[in-house]
Structures are given as structure tokens and as C-alpha cells.
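The values are calculated or read from the model by the stated rules, or taken from the named source; none is laboratory data. Everything quoted here is computed from the prediction, not taken from an experiment. Cβ atoms come from the backbone with ideal geometry, glycine included; neighbour counts cover every protein chain shown. Calculation scope for accessible area: heavy atoms of the full protein, side chains included, ligands and nucleic acids excluded. Shrake-Rupley method; radii C 1.70, N 1.55, O 1.52, S 1.80 Å.
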Amino acid sequence: MEYNHKEIESRWQNYWRENQTYKTVENPDKKKFYVLDMFPYPSGAGLHVGHPLGYIASDIYARFKRQQGFNVLHPMGYDAYGLPAEQYAIQTGQHPEKTTNENIARYRSQLDKIGFSFDWSREIRTCDPEYYKWTQWAFMQMFNSYYDLDERKACPISRLTEHFSLHGSEGIHPAATKEIAFTAEEWNALSEKEQRERLMNYRIAYQGETMVNWCPKLGTVLANDEVSEGLSVRGGFPVEQKMMNQWCLRVSAYAPRLLDDLDTLEWSDSLKETQRNWIGRSEGAEMRFPVADKDIELEIFTTRADTIFGVTFMVLAPESAYVPMLTAPEQEDAVKAYLDEVKHKTERERQIEKKVSGVFTGSYAINPLTGKKIPVWVSDYVLAGYGTGAIMAVPAHDSRDYAFARHFSLPVIPLIEGADVSEQSFDAKEGKMINSCGPKLDLNGLDVKEAIAKTKKFIEEEGLGKVKVNYRLRDAIFSRQRYWGEPFPVYYKDGTAYLMEESALPLQLPAVSSYLPTEDGQPPLGRAENWTTPEGYPIELCTMPGFAGSSAYYLRYMDPHNDKALVSKEADEYWRNVDLYVGGSEHATGHLMYSRFWNKFLYDLGLVVEPEPFRKLVNQGMIQGRTNFVYRIKNTNTFVSHGLRKEYDTTPIRVDVNIVSNDVLDTEAFRSWRPEYADAEFVLEDGKYICGYAVEKMSKSMFNVVNPDDIVDRYGADTLRLYEMFLGPVEQSKPWDTNGIDGVNRFLKKLWGLFGKADLTAGKEMTREEKKAVHKLIRKITEDIENFSYNTSVAAFMIAVNDLTSLKSTNKDAMDIITRLIAPFAPHIAEEFWHRLGHEGSVVDAEWPEYDEKALVEDTVKYPVSFNGKMRFMVEAPATASKEDVERLALSDSNASRWLDGKTPKKVIVVPGKIVNIVI
RNA sequence: GCGCACGUGGCGUAAUUGGUAGCCGCGCUAGACUUAGGAUCUAGUGUCUGACGACGUGGGGGUUCGAGUCCCUUCGUGCGCACCA
């Protein structure tokens, strides 16, 4: 009987649906396992063949764990808020919900064809009120919390206000935007409005005037991870810096924990490194420099306290609050001119120019160690948002300070022995200190590391400053001037933000007449009628960013229909966190950081039991497109084959990969592809038209998109699944190449044939060879799945099937084991076999087979043979051979006589299974 | 510039983790069969050589009886961060 994938696959997909085979129910008697894919944004283009790669890998793992007896949670849903649907809505006037739902329906039908074991009863959509109620609810908890630096956790804001009213800011250390000191009397004297304003300084979800990434083209602000090299990640539009009053999340407060807990995770080193870079911990010292003739101290941050004797100038960021304080009257015009110049440059312009610029303030600081006067400058190479926005410049040992010093002819004092600073700075933290002796501190002769430690100690003792750890991680900007997102449960009374009651949740998106900003520049929600509370107070017009909905979605799958809580205590304590998370590494600094933060916040509140959301993470590689080219001879409609194109003057043209097979063009299909090619002529080689190719991003415009539906239709889902895994390691990026899929399809046909010929009589023992082939396979597949090494698994199946085919007879037990082993990879064909073998129920619950050590003993063992400890050759002996047999074999080898050269060995040592040592 | 990966046939890849490099598949070559196909089966396929054999894991060096694997160095590719003081 032929292998008919269409008939088999549709039959079992229906069976799974009718029997709710993949529905998961909490079961305290079974150990849990949570396998999660990063949920997709349902774009209008549908799935291409690259999307399912990670889903297939995780599905294999989920099915494997289920067969091992775990209660597996393997859900799927949609990250449904997003810019493309809104952009489309702006163009067409169609509600984004409509396009989103259409796209979701398309995704679902594509996913269903591949045979995933998702529990669809737990599906979630971020734009569903039942879901986003809890996104809004989490925001409210963050608004009502502050981060306590002493307890290293989030605490209720009421605790803070209570403390303020009793003791002022004394004796409590909340993470703050700005450090403010005040007494209880001062606090109590503030009006309610003023108190609320001050609390914004501490709330975890707070409103603040901050420098934001403003994208005029998208009409919205963006988070740091949504901007790359001065352009928006979505769309690639220029992004400028702008001060705006925005909702923010105090992610920075969690920086130390986000960093430390990375060590507890099973993530790839490179991804952890990326997060470490992004968090950017640096240990240093905050120091105060008195300003000459003024009652001001200039506070700076440095990691190189040891270089204090080489400070020849100070630099302030243009936005620094020190600038107006330190600008001398005679320099006022020059400083103002410089600030104007800087302000008009976008982030991108600043980056591209990389031109040294700056202006002298007219003031001098005093080096606290030498008493020398040093000039204070302003320059945009110092960032306002990092450290204190002011630095001490040591041109000899910092390349940026060096460039600045050379440009403005400022002095350079070398501090390290043998460092040549005539051409460039010496930035390395190594060497012996020189020129570093003052009245109270002598660093000369010390190693740099010792000098740093000694200086830090000194400045703490002398009260010149304090040791401090700084982080690069910034707070996340949480407002978007957009329509298609979660509304904030916030209204304004007299310009002050108030939270709504919890009973108002979910706060649903109102209808608007247009999705564009209003004429006076308000976000689209400004167009909504009656966008007020029942009392008539206006509601926030911004919506939440994409990461709001995706930050805690893994929790919601545990208890998706609960309308009393984000997740019930019982469900959370059972499922805890994600055991295996699969998704792209492009989320390293965005989603994966926000989710960890969000989870830690909920953990602090005692709402979840695990401090980290994703225990093990696997990043699947990107599947790139493999674009095919045809070569048109200039000014003609004649196309020349790839090998002959050099003989003509040609233009390469991208051609739809779906009319090309193994790089051979279907010339008829090409003629009917587009009207202008209807009368195309071809110059062939060997009777074929061969196309060229290049690896590019898979996209419609490159004509290189391969739709999984087409592959499933032609070869079946099982072939697609196996082939995607066979392509190479899951983590690796690679171009999609349909060439080669025949090999995998052939394997499935062989397996089908093997089953057809098998002797299904029960109770017959496997032969020795069968046993060996089958148990080798069990061991290999079990190891491979744990290691995510699916490409070698597929190879192992191929070998086993070839072995068994050549053995002629195959018995029932062997087929039974192979069926269980292949079930995670090719569930449809496995289900078919499972039922033909006479089993009840689904192969999903088939117990994973254990391998038999005895069946695995190799026939032969290889021994390295050494003479006086020097290895000379290898000899192969039967596994059952005795020491004496091995010795005899080694000595009778033709190599042995060469090395012995007629002598008799003094002694022969045989270590069973290891080595033969011959002493001459 | 700093950090992290990686470099093996014509191609995708594999190598019990230091033990005979190239498993499996694609492609290619030859043959068989045939209802002539984008089907199936058999054999071969790292390079050089008629053969024996020699050489082979980006280049150079080292450790070791033995190196794709470990160390140093150099070249190249990919990714992340980047005026972060």
C-alpha cells in the first residue's frame, strides 16, 4: 500500500480534535513540565517555512516528555497588539481588531496542518479583554508599589507614605528617579497633589519627564530596545531625543537581581552575555570635586579612581543640571550657542558625526588630592543619563578624553610607566603607576588594580565620595501614543494621575473615527467620545507598549479563564515556571528582560512562587530565504542559464522560488508567471535552465517565501517536521533549501514499507541484530532529544530503518519501539502504526521505551597498542575476547612484528577495554 | 574598539568529547527496471595517483604515543554592545 500522507494526516488531526487529545489538566499525582514557544505576532503575510522551526523543536520535546510520563503544559496564543495592524488601519480605516482576527484565523489553520500538540483550550490573545484585564491590573500593582533598596524588593507604596509622614525621607531607601531629602513636617505640609507628584519619584510604574526616543514618523515614543543605531526597529524611521512626560517602569531598580539571577538559568552563554552587556554593571566611585570660588560641589562617577592625579579637565553633559550653575557670565553666549547646536542634532546625527565638540564653562573645579584648578567643559560625548552626567577627564588613559584634549589642546599627564601617550591614550588597566603622589595619597609604584582599591578606600575614609555600582540599564518607557494597545486604567483630576478602581477593569478600548493622531497632536484616543470616568474626569490617552501584554503571558496559560486572578495560587504552585522556552534571540534585550522584571515584581508581591520565568531557554536560528535568479540579456527578453551568463551582458532578476526546483527553472511556469515574460526565450545548458542563488532574508519582495502549506500538501506534515529538524542544529541560522526534502520523504516511505512488510504476530522474540539496531536507536534518540540534537536523531532513524530493511524480517516488538520513538517527530505516521499494532488511545501517551544495556554491547573493541608507553597502532578485538586473546591478537598484528623487529617482548599489559602496553 | 560564538568534501552536516575524520542526506557518476517520472532500486563518490601509497578539518607553531577536538598565534565569518567614563 502506498504512503498516502494526505489521508493519514487529516484522519489523525481529526481524531486529535474530536478526542481533545492534547487537553491538559492539572494533576497533582503527575510531575509537571512546561514547554513554551514565544507566541507569534500574527502578521498579514502568514507563516513562512521559517516560523515553525522552533515550534517543531519544542513540540518534539513536549511529546517526548509526555511519553516519559510528565504532565506537559504546551500552550499557544497570539501577541496580537502591534504596529502593522494599526498602520493598516490608518490606511484603510478598518478596525485593527478585524485584521488581527483574520490573521489569527490564517495562522491557526496553518499551524493545525503541521500537527502540533498545543492545548488550544488555553489559547490567549493579548488584545482580548479577558486577557488584558490582567495586564492593566499588573500596571496598577506597579503604580501602587515602590522598590525598597534595603529589602531588595517591591513594597506597597502605603508603607512609604506612612514612613514619610512619620520620619520624612530619613531611614528609608526607596529606588528613586531623583534623591530628595525632606522631613516629616515638610511632607505633611504638602498638598495631596504635591504629595502625589513626589510619589511619582518612587512608584515602580511612574510618570516622569524623561528624555525619550521620539519617532516622528510613527508618531510615538519607543523603548531603548526598539531603537537600533538611531532608527526605529519597526520601519527604520529616524528617532530623535526629546523630553516628554511619560509613563515608565522602574526596571533599573531590578538591575542587580536581573544580573545575579542569570547564573541560575540554563540559557546560552551568548544570550546571558547580551543581557549582562545590556544591564552593564560597572563598579567605581562617586567623587565630589569642589568648584573654585563657588559653594558648589561637582559630583562625578569614575571606574578609574586610580587616575585622579591625571585629571586635567572635567566634562558635563549638555543636559546636566550643573551647566547653568557653572556657566560663568563671560562664557554664557558660547555655552548657549553650543547647547542649541547639540539640541538640534538627532541621536543619529550625533552618532554619525562623531565629531569632537564642546565649550568651556568658565569655571574651575579643584582636584581634592592635589588642590590644582582644572577647567570644567561641556560636551555631548558625556551622557546625561549615565552616572551623574559629569566626568573627570583623564586624557592619558581614556581614548574619548584623549580626543577631546587633543582637539582643545588640553594637557595630558601619563600615569603608567612606559605608556606612550604621544599618539593615543593607554586605556588598559595594567602597569605600574607613576606621577601619582600627593600630600595625602601615594600611588606610585603600585599596580593599577591595587591603586584602584587604595584610592577607593582613601576617598571613603576622607569623605571625598563613596564606592558605587552603576548600571547601564534604564527604566522602560511605557507609554505609546498609539491606538492599538492596552488603555491605561488612569484618569486625571486637576492634572494629577489617579488609578481607577479595580472593578473598572478591563478598561476596554473605545471606538475612534480615525487611527491617526488628532489635529492638535493628541494620540488617537483623543478622538474617542466620552473617554472619561463616570464623574467626567479625562482618561489617559496613551496606550501600553507591545511588551506589556507579552511580559506575563506564560503565567496566564496556567489558568487562562480565571476572572478572579491573573493566575490562581494552586495553578501557579503546580506549573511554577517555564521549564523549556523556545524562541528567537532577537528578544534578548526586550521581551526576555521585561518578562524577568515583571515576574520578579509579581514574585516580590508574593503572587508567583518562582523568581525567574524561564528556566531553560533555546534560541532557534533564523531561516533565511534562498533567492533564485534568472539572467536577462540586456535589452532583450532572452534569459541565459547560470553557467553561460558570463558570455553575455546580463541583468540578474529575482524569480519566484516556487517555479524553480533544484535550481532548475520551470520555463513554462516562468512564461506564465508575469505577462512581460510571456514570450521569453531561453539559452539553456544541458537542456535545462539553471538559476543562480543568493541567501537573503525571507520576504515577499525577494520572491523567496516558501509556504509550509505547500510543503505539507506535497510531502505531508511529517516530512516537513523531519526535514526542518534534519536541516541542521536548531540553534543555527540557515537558508531554507527545499532541495533535499526528497531524502527525508523517501525515508518515511521506507519506514511505511518496513511496517507493511513487518511480521505483526505477537510474542515473537527479536533477533540479536534487530535488538541491537533497536536499542542503539533508543539510546541515541533519548540522548538527542535531551540535547536538542534533532538533526542527528533523524539520521539515526534513517540508519535504523536501513539496517532493519536489510535484515528482511521485522517483528512486532521492533516496530512497536520504533513507533514510540518516532512519535514526537512524525506524530501522524506514528499514530497510524500505533493503532495498527492494536493499541488503544493515542500514541501521545505511549510509554517511552528504556534501552537494554546488554543489547548494546559492541561486538568489537578497539585497543591502542603501545610500545614502552608510545602508542603505535590500533587493533580490533572481539568484545568477548579474554586478556590472553587480546594479547595474542595484538602480537600477531603485522604492525607488531614491524615494531618488535624480531625481539621478544619482556612484558605485555592488557587493560580490558582500554589499552595494550607492550614492554620491550 | 570591547565581548561572545564559529571556521571540516561540490552543498547541509556528523565524529562515543583526546583514540582509524567525513555518519546521514542532497548533489554528482555508472548501471538496472520501467506504465518515460520531479518514480524506484543497486554500486561508487575528500584530494592526488594507473596502482602501492601519500596528503588532508582556514594558515603557522606547540602539548601528546595520538589533536577536527587542548594551548599560543594569525587570517576570515557571524552575532551582541558601543562616546556607559
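Structural remarks
- 3J(HN,Hα) from dihedral phi, segment A:55-67, Karplus parametrisation 6.51/-1.76/1.60, rounded to Hz, x for glycine, proline: 5, 5, 4, 6, 5, 4, 5, 4, 5, 4, 5, 5, 5
- Net charge of Cβ neighbours under 14 Å - reference residue A:124; Lys, Arg +1; Asp, Glu -1: -4
- Stretched out straight at 0.36 nm per residue, the stretch from residue A:292 to residue A:130 would grow longer than its current Cα-Cα span by 52.1 nm.
- Taken along the Cα-to-beta-carbon direction at a fixed 7 Å, the label points for residue A:92 and residue A:195 span 5.2 nm.
- Each residue, residue A:340 and residue A:173, gets one label point 7 Å from its Cα in the Cβ direction; the gap between the two is 4.5 nm.
- Folded to 0 to 90 degrees: helix A:83-92 orientation relative to chain A principal axis, Cα: 80 degrees
- Cα-based helix-to-principal-axis angle, A:96-112 vs chain A, degrees rounded to 10: 30 degrees
- Percent carbon-and-sulfur accessible area, chain A, ignoring ligands, DNA and RNA, probe 1.4 Å: 49 percent
- Accessible area per residue in Å² at 1.4 Å probe, computed on chain A: 45 Å²
- Straight-distance crosslink candidates among lysines, where the alpha carbon sits under 23 Å from residue A:456 and sequence neighbours closer than 8 are dropped: A:372, A:373, A:429, A:432, A:440, A:466, A:468
- Between 0 and 90°, nearest 10: helix A:269-279 axis offset from chain A longest Cα axis: 10 degrees
- Karplus 3J(HN,Hα) series, Hz, for segment A:516-523 with 6.51 cos²θ - 1.76 cosθ + 1.60 (x for Gly, Pro): 8, x, 6, 4, 8, x, 7, x
- Cβ-defined net charge surrounding residue A:483, 15 Å radius [Lys, Arg +1; Asp, Glu -1]: -1
- Taking each residue as 0.36 nm, the span from residue A:437 to residue A:20 lengthens on full extension beyond its C-alpha to C-alpha distance by 142.3 nm.
- Between amide H atoms placed 1.01 Å from N, distances below 5 Å from residue A:482 occur with A:543, all of them 5 or more places distant or on a separate chain.
- Relative intensity of segment A:274-339 on a log10 scale, I(q)/I(0) at q = 0.22, 0.24 Å⁻¹, equals -1.06, -1.14, per a Debye sum over C-alpha point scatterers of equal strength in the absence of solvent.
- Remark on residue A:468: its backbone amide H falls under 5 Å from those of A:284, A:285, A:286, a criterion applied only to residues 5 or more positions apart or on other chains, H modelled at 1.01 Å from N.
- With a Förster radius of 56 Å applied to the beta-carbon distance between residue A:674 and residue A:749, the computed FRET efficiency rounds to 0.95.
- For segment A:252-366, the fraction of C-alpha pairs farther apart than 23 angstrom is 53 percent.
- If the chain linking residue A:713 and residue A:535 were pulled fully straight, counting 0.36 nm for each residue of separation and taking away their Cα-Cα distance, it would gain 58.2 nm.
- Averaging Cα coordinates gives a centre for segment A:160-228 and one for segment A:769-785; these two points are 61 Å apart.
- In chain A, helical runs assigned H by DSSP with n ≥ 4 each contribute -39500 (n - 2.57); averaged across all residues and rounded to the nearest 500, the mean residue ellipticity at 222 nm is -10000 deg cm²/dmol.
- Scanning residues 5 or more positions from residue A:875 or on other chains, those with amide H under 5 Å from its amide H are A:863, A:865, with H placed 1.01 Å from N in the peptide plane.
- Residues of segment A:773-793 with amide N under 14 Å of a point placed 7 Å along Cα→Cβ from residue A:68: A:779-789
- The order of A:95, A:561 by accessible area, most exposed first and with a 1.4 Å probe, is A:561, A:95.
- Computed across chain A, the Kirkwood radius stands at 33.2 Å (inverse of mean 1/r, all Cα pairs).
- Gap separating the Cα centres of segment A:279-305 and segment A:562-635, nearest whole Å: 39 Å
- For the pair segment A:402-460 / segment A:58-136, the C-alpha centres are spaced 57 Å from each other.
- Per-residue SASA entry for residue A:215, accessible area with 1.4 Å probe, Å² rounded to 10: 0 Å²
- Using bins of 10 Å that start at zero, the share of Cα-Cα pairs per bin across segment A:486-594 amounts to 12, 31, 29, 21, 6, 0, in whole %.
- Using θ = phi - 60° in the Karplus curve 6.51 cos²θ - 1.76 cosθ + 1.60, the 3J(HN,Hα) couplings for segment A:637-650 round to 10, 10, 10, 10, 5, 3, x, 9, 5, 5, 7, 10, 8, 10 Hz; x is entered for Gly and Pro.
- The simple spin-label model puts a point 7 Å past each Cα toward its Cβ; for residue A:399 and residue A:137 those points are separated by 5.2 nm.
- FRET efficiency for residue A:112 and residue A:760, using Cβ-Cβ distance with R0 set to 25 Å, rounded to 0.05: 0.20
- FRET efficiency estimate (nearest 0.05) - Cβ-Cβ, residue A:328 to residue A:430, R0 51 angstrom: 0.85
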